[in-house]
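The values are calculated or read from the model by the stated rules, or taken from the named source; none is laboratory data. Not measured: the values here are computed from a predicted model. Here Cβ is always computed from backbone atoms with ideal geometry, including for glycine, and neighbour counts include all displayed protein chains. Areas reflect the complete protein model, heavy atoms only, side chains present, ligands, DNA and RNA absent. Shrake-Rupley method; radii C 1.70, N 1.55, O 1.52, S 1.80 Å.
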Amino acid sequence: MALLVEDGENFKTSAVYIGYLILKEVKKSETKKVSIYKVSDTLKKNGISHSRQLIFGLLFLYSLGIVKFEEPYLWIE
């Protein structure tokens, strides 16, 4: 676990955990496409209320080539 999170950083605010929550929400969707607003609501339910953490989670997934997004939707590539 120490390889994924810096010392003193809360795991629940790390880009890896937020990316996991985003992927979980996309997989739950029937169309395999989800709006960014739905993702934001899901993160709020999990106690993540800052847009900065949402952006870091999306950048993490995008940089690995896992998700693509266009306008309000994102999907697994």
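Annotations
- Heavy-atom accessible surface of the chain, averaged per residue, reaches 72 Å², computed with a 1.4 Å probe.
- Neighbourhood net charge (13 Å Cβ-Cβ; Lys/Arg +1, Asp/Glu -1) for K24: +4
- Percent carbon-and-sulfur accessible area, the chain, ignoring ligands, DNA and RNA, probe 1.4 Å: 55 percent
- Rounded, prolate or oblate (a/c below 1.5 giving rounded, otherwise prolate when a/b exceeds b/c) for the stretch 12-77 by Cα gyration tensor: oblate
- Here the sum of -39500 (n - 2.57) over DSSP H runs of 4 or more residues, divided by the residues of the chain, equals -15000 deg cm²/dmol at 222 nm, to the nearest 500.
- Inter-label distance for S51 and N10, nm, one decimal - labels placed 7 Å from Cα along Cα-to-Cβ: 2.0 nm
- Using Cβ point charges alone (K and R +1, D and E -1), the dipole size of the chain about the Cα centre works out to roughly 320 debye.
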